[in-house]
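Participant: First the structure, then my questions, so here it is.
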Amino acid sequence: MKKIIKNGLVLGTLLLSQACDSDKLAELNINQNAVTDMDMSYLLATATLRIGGEYENTRANMLYAATMIQHTASNAGYFSGDKYFYNAQYSGAYMERHYTDVIRLYSEVIQKTASDPNLVNLNAVATILRAFDLHRMTDLYGDIPYLQAGNGLQGEDNWFPKYDNQKDVYAAIVRDVKAARDKLSPTAKALGAQDVIYNGDIAKWKKFANALLMRVGMRMQKKDEATGRSIFSEAFTSGTFTSNADNGTIKYLNGPSGFNRNGLNDGYWNTYKYSRDCKISRTFINWMKANNDPRLMIVSGGIGDPTAAPSTWNTDPAAQKGMPNGFNATTILNGNTLTEAEKEEFIRPGVARNMFSMLNLKYLDWEDPYYLISFAETELMASEAAVRGWISANAEEKFRSGVTAAITAWTAFDPSFVRSTAEISSYIAGRKFGEASNPEKLRLIGEEYWAATWLNDIESYSNWRRTGIPALTPTSDPNRFKQINEIPRRLIYWESEISSNPANYKAAVDRMGGDEFTTRMWWDGGN
Amino acid sequence: MFGNVNIGYDNWLYLNVTGRQDQFSTLSPENNTLFYPSVGVGAVLSDVLKLPSTVTFAKVRASWAQVGGGGPDPYALNVTYGLLANPHGNANLGQINNGSIPNAALAPYTSTEFEVGADFRFFKNRLGIDIAHYNRRTTNDILNAGISATSGFGSTSINVGELTNRGIELLLNGVLIERGGFKWDASLNFSRNISMAENLGTNARGEAIQFLNLEESRVRGGERVQHILGEQLGMIIGWTHRTNAQGQKFYDANGFPVRSAAPEIVGMGRHPISAGLNNHFQYKNVSLSFLIDVRQGGSIFSGTNWYAYRNGLHKETLAGREGDLVVTGVLFDQATNRETDTPISVTIPRERISDYWTAYSNITENVVYNASYAKLRELSVGYSIPKKLLGKLPFESAAISVVGRNLALLWSNVPNIDPESGYTVATGAQGLEFFAMPQTRNLGVNLSLNF
């Protein structure tokens, strides 16, 4: 002991800092520059504007849906839907962006406003739009996360969302939208300017909810007609759009930033000008010309170079010519698709694709509306429902009303798009709906629906898959993905999910029977 | 609060004990304190035992220590909202700020390490060996783990069950030659580290978590870095070329390689072995020294080479441009998604060779390389100006040297890129490369003057 004290070096340093105040410590972790509470309507507005975001609309709508449905055509390889190429980024883009940009904001709004009776309108509109966007998502991909989608903040169970069977997604959409529709209240707090679709008009929201239910019900026609029919007729009776003033469109602005602008149009023209590389499809132009469609010079901006002065464009309706789908700048000269005269013109220096009709720049402004659901669609759906005996309405009346609406709705994009009543009546009479047989009537309705959904090509694509109308011939480029011999029936899932959500991804793929372009989703005849 | 006690006995035996209590402001008040002690013992054997005369100094040491830490980022526990820069007409636009799900239940991590070591010096300090073995176990490590973006968020911070790191470190140094004004001393350091993901925690259903997603590769084809239960940390996973039980490769009817049904382990992101050799030569006033750095055992997924294959820029893609590439293997039926046992042999036509190489690069293991390398890190030549030459100048001493850094890559297995490349310093991305800039070689001159 003594030795230790004598030889040892005892260095004791006991530092006692002053006792820590735990509250002060916790306070350090509160960000003085951030807000922990916010008016949820601000999130609603942001999420709604994001539905029309450039990245995913360019990829899912412009590059894939519009070309697959043969509204547009392109010789460029990156317009993947024209020749059925698979590009992982383009195919997965809608899934990549909408869960984080759109759905999680709606889910947060719904959760935060669930218990306040004064905020029912906010809660209901967020529910309706969440269901709308996820309906689009499921129509593009098949089985998708719906129930747990965007709910990451509500618990660990939601960190790896389960992919719900499309049948269940549809049932949940119907349930959610009906409940929201019935909850809308003129006495609760109004949404006002925060609602960038209807400016807070509750009556219009009720009609929108019913329009969405009608769309959902009609989509089920092929797989489960009984249920589809009952959903459709309930919504129809409850009351839907009565004029173009009710059109469900997002009101965009000229700026100041990207969020404020119509993203689809940003891609087609303003910023990215991708429409230089795509033209109106031969299928669509020929159809419009064959029927003397007054929309020919609305849809088409003429023939020429879109970046050159408008005075150089040929806007003679008779001269309009569509680009055939499925070729690149070399293969288009093979075979007999183009006439000899056309081939000669194509190879003239500086011409190539500019010999075909271009998209009209007048509906590609930043502030032009972005379509969700239109009055034309609801009228045409009602016409089809009448033909099928789902509702008691006059099919011909609805047909006429729907086609008229489709043509007159264009004035919202540009006043020069106005067409005279005489022109419109003569066009409709030329379709000869009244004297057609029932299958013929369905064909006429389907084709008009295809024309009415120009720019909303995701919807045209879904309706075509359900009905097979219009009759389209698949393209057959030798490099098409996995040598498929039909138009793709879906987009392939976002590849990141394979490794970030493997168990649920695999379960979905096993249930659907594959993750291919050709895998059929539930309403399209699959599982 | 921190306390430290050092006790020495008889000038040869030492004991050091510490205790520390921390409170972390970045964690929530329920879980933010941690106490961790440590104890270390060292014995200078050369002072107490009779050792052979060649042994100038011998010390052995052992220690057991705990270290802890909290979440590194402040403000990460709460959901916060923000306004977007511009409104939309009369509408205000708001957003959720968090891209990562805040975890209020985050607890501090604890790291427990046991280390034994010895320090021997021989021949009057001309040769020294320092060797240590350590075994560190970290519990509740805080990691930013990837989750499915369909939840609305891409990641969350979680406490990870149990990770271990063990290894050895060796330092050898010595004065190899010292005579007639010439001196050569060298030192060699070597370390080997084996890590292991012992336990990654349990999920909401109580099942053991099998893996954690860290960084995804920038080519976004499903390749990423993961911690996998029972494997070393930071494994690279990706697609392999699908093979049957006999090891034969599958190709589809076009002759394109078919990838495995699910991603598999294709490499290890970190190098378990690192070593360095430092040599210093001195003759009168001239000195020369160089440092070689070695890393061994890790792999790298090269995004640059992935692009090079797809765009026909990689040297390997020269093959087949005349329509002369033949592949042989077993047929995989794409239409039915089934393996067959039909052998196939396909000559890839010239027009499709680019698609072949694209499919080739989609097989991750074709663009994952052994990233072991050695570099000449530094070479310097110096001259110490003799006093006579300084003369009347006001300097005590002066020296001039030329130094070069990152001068040469001595060996590497990775084509086209520097094996040390990475695109972020995040630990979760070790082993992923994407268009890294080549390392720069530095040459410089140093002038040192003492007043």
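The values are calculated or read from the model by the stated rules, or taken from the named source; none is laboratory data. Predicted model only: the values in this text are computed from it and were never measured. Every residue, glycine among them, receives a Cβ derived from its backbone with ideal geometry; neighbour counts consider all protein chains shown.
Participant: Can you find, within the stretch B:3-22, the residue that is nearest to residue B:108 (Cα to Cα) among those that are within 31 Å of the chain's Cα centre (by Cα) and surrounded by 17 or more Cβ atoms within 10 Å (Cβ to Cβ)?
Facilitator: B:22
Participant: Output the qualifying pairs, or none if there are none: Cβ atoms under 7 angstrom, residues six or more apart or on different chains, first residue in the stretch A:306-322 and at pLDDT 90 or above, second residue part of a loop (DSSP other than H, G, I, E, B) and hydrophobic (A, V, I, L, M, F, W, C).
Facilitator: Here the result reads A:321/A:356; A:322/A:356, each pair linking the stretch A:306-322 to a residue that is part of a loop (DSSP other than H, G, I, E, B) and hydrophobic (A, V, I, L, M, F, W, C).
Participant: Which of (1) free of Cβ contacts under 8 Å to residues at least 60 places away in the same chain; (2) surrounded by fewer than 24 Cβ atoms within 10 Å (Cβ to Cβ); (3) within 11 Å of chain B (Cβ to nearest Cβ) does residue A:90 not meet, given it meets every other one?
Facilitator: Residue A:90 satisfies all of (1) free of Cβ contacts under 8 Å to residues at least 60 places away in the same chain; (2) surrounded by fewer than 24 Cβ atoms within 10 Å (Cβ to Cβ); (3) within 11 Å of chain B (Cβ to nearest Cβ) except (3).
Participant: Quick test of your reading of the structure: residue B:193 fulfils all but one of (1) out of contact with any Pro (no Cβ under 6 Å at 6 or more places or on another chain); (2) closer than 30 Å to residue B:304 by Cα; (3) in a strand (DSSP E or B). Name the failing condition by number.
Facilitator: (1)
Participant: Being more than 8 Å from every other protein chain (Cβ to nearest Cβ), over 22 Å from the mean Cα position of the chain (by Cα) and buried (at least 19 other Cβ atoms within 10 Å of the Cβ) is the filter here, so list the residues in the stretch A:481-503 that pass it.
Facilitator: A:481
Participant: More than 8 Å from every other protein chain (Cβ to nearest Cβ), among the aromatic types (Phe, Trp, Tyr) and in contact with a Lys or Arg (Cβ under 6 Å, 6 or more places away or on another chain): which single residue out of A:84, A:64, A:78 fits that description?
Facilitator: On inspection, the qualifying residue turns out to be A:84.
Participant: Return the residue satisfying two criteria in turn: it lies in the stretch A:152-167 and is more than 7 Å from chain B (Cβ to nearest Cβ) and charged (D, E, K, R), and of such residues it is surrounded by the most Cβ atoms within 10 Å (Cβ to Cβ).
Facilitator: Filtering first and then ranking leaves A:164.
Participant: Tell me which residues, restricted to the stretch B:1-13, are within 9 Å of chain A (Cβ to nearest Cβ) and in a strand (DSSP E or B).
Facilitator: Start the filter on the stretch B:1-13 by keeping residues that are within 9 Å of chain A (Cβ to nearest Cβ), which leaves B:1-11.
Of everything in the stretch B:1-13, those that are within 9 Å of chain A (Cβ to nearest Cβ) and in a strand (DSSP E or B) turn out to be B:2, B:3, B:4, B:5, B:6, B:7, B:8, B:9.
Participant: Look through the stretch B:376-394, keep the residues that are touching a residue at least 40 places away in the same chain (Cβ under 8 Å) and loosely packed, with under 15 Cβ neighbours inside 10 Å, and return whichever of them is farthest from residue B:327 (Cα to Cα).
Facilitator: Among those that are touching a residue at least 40 places away in the same chain (Cβ under 8 Å) and loosely packed, with under 15 Cβ neighbours inside 10 Å, it is B:394.
Participant: Output the residues belonging to the stretch A:355-378 that are part of a helix (DSSP H, G or I), among the aliphatic types (A, V, I, L, M) and crowded, with 22+ Cβ neighbours inside 10 Å.
Facilitator: Of all residues in the stretch A:355-378, those part of a helix (DSSP H, G or I) come to A:355, A:361-363, A:375-378.
When the remaining residues are screened for being among the aliphatic types (A, V, I, L, M), the result is A:355, A:361, A:376.
Selection gives A:376 alone.
Participant: Ok, one more. Regarding residue B:117, is this residue surrounded by fewer than 20 Cβ atoms within 10 Å (Cβ to Cβ), modelled with pLDDT of 90 or more and within 14 Å of another protein chain (Cβ to nearest Cβ)?
Facilitator: Spelling it out, it is not the case that residue B:117 is surrounded by fewer than 20 Cβ atoms within 10 Å (Cβ to Cβ), modelled with pLDDT of 90 or more and within 14 Å of another protein chain (Cβ to nearest Cβ).
Participant: Just wondering, is there one or more residues in the stretch B:332-345 that are modelled with pLDDT under 90, under 23 Å from residue B:417 (Cα atoms), within 14 Å of another protein chain (Cβ to nearest Cβ) and touching a Gly at 6+ places or on another chain (Cβ under 9 Å)?
Facilitator: Checked the stretch B:332-345: no residue is modelled with pLDDT under 90, under 23 Å from residue B:417 (Cα atoms), within 14 Å of another protein chain (Cβ to nearest Cβ) and touching a Gly at 6+ places or on another chain (Cβ under 9 Å).
Participant: Could you list, in sequence order, the residues of the stretch B:108-135 that are acidic (Asp, Glu) and not in a strand (DSSP E or B)?
Facilitator: Within the stretch B:108-135, none qualify.
Participant: Suppose we filter the stretch B:14-26 for residues that are within 7 Å of another protein chain (Cβ to nearest Cβ) and β-branched (Val, Ile, Thr); how many remain?
Facilitator: Residues that pass the stated criteria total 1.
Participant: May I pose another question? Quick check: anything in the stretch B:352-375 free of Cβ contacts under 8 Å to residues at least 60 places away in the same chain and out of contact with any helix residue (DSSP H, G or I) (no Cβ under 6 Å at 6 or more places or on another chain)? Working first, answer last.
Facilitator: First pass over the stretch B:352-375, keeping only residues free of Cβ contacts under 8 Å to residues at least 60 places away in the same chain: B:353-354, B:357-358, B:361.
Right, trim to out of contact with any helix residue (DSSP H, G or I) (no Cβ under 6 Å at 6 or more places or on another chain) and you get B:353-354.
So far as the stretch B:352-375 goes, yes, one or more of its residues are free of Cβ contacts under 8 Å to residues at least 60 places away in the same chain and out of contact with any helix residue (DSSP H, G or I) (no Cβ under 6 Å at 6 or more places or on another chain).
Participant: Might you let me know whether the stretch A:131-138 holds any residue that is more than 13 Å from every other protein chain (Cβ to nearest Cβ), within 22 Å of the chain's Cα centre (by Cα) and aromatic (Phe, Trp, Tyr)?
Facilitator: yes
Participant: Inside the stretch B:319-356, can you point out the residues that are touching a Pro at 6+ places or on another chain (Cβ under 7 Å) and exposed (fewer than 12 other Cβ atoms within 10 Å of the Cβ)?
Facilitator: Matches in the stretch B:319-356: none.
Participant: What number of residues in the stretch A:475-512 are under 29 Å from residue B:236 (Cα atoms) and part of a loop (DSSP other than H, G, I, E, B)?
Facilitator: 6
Participant: Within the stretch B:68-84, identify whether any single residue is more than 14 Å from chain A (Cβ to nearest Cβ) and part of a strand (DSSP E or B), and answer yes or no.
Facilitator: We begin by selecting, within the stretch B:68-84, every residue more than 14 Å from chain A (Cβ to nearest Cβ); these are B:68-69.
Subsequent filtering for residues that are part of a strand (DSSP E or B) retains B:68-69.
Yes, because at least one residue in the stretch B:68-84 is more than 14 Å from chain A (Cβ to nearest Cβ) and part of a strand (DSSP E or B).
Participant: Among the residues of the stretch B:185-198, is any under 25 Å from residue B:27 (Cα atoms) and of a type outside the set (Val, Ile, Thr)?
Facilitator: Yes.
Participant: Shifting gears a bit: Conditions first: (1) surrounded by 17 or more Cβ atoms within 10 Å (Cβ to Cβ); (2) touching a Ser or Thr at 6+ places or on another chain (Cβ under 9 Å). Residue B:37 passes all but one, so which condition is the exception?
Facilitator: (1)
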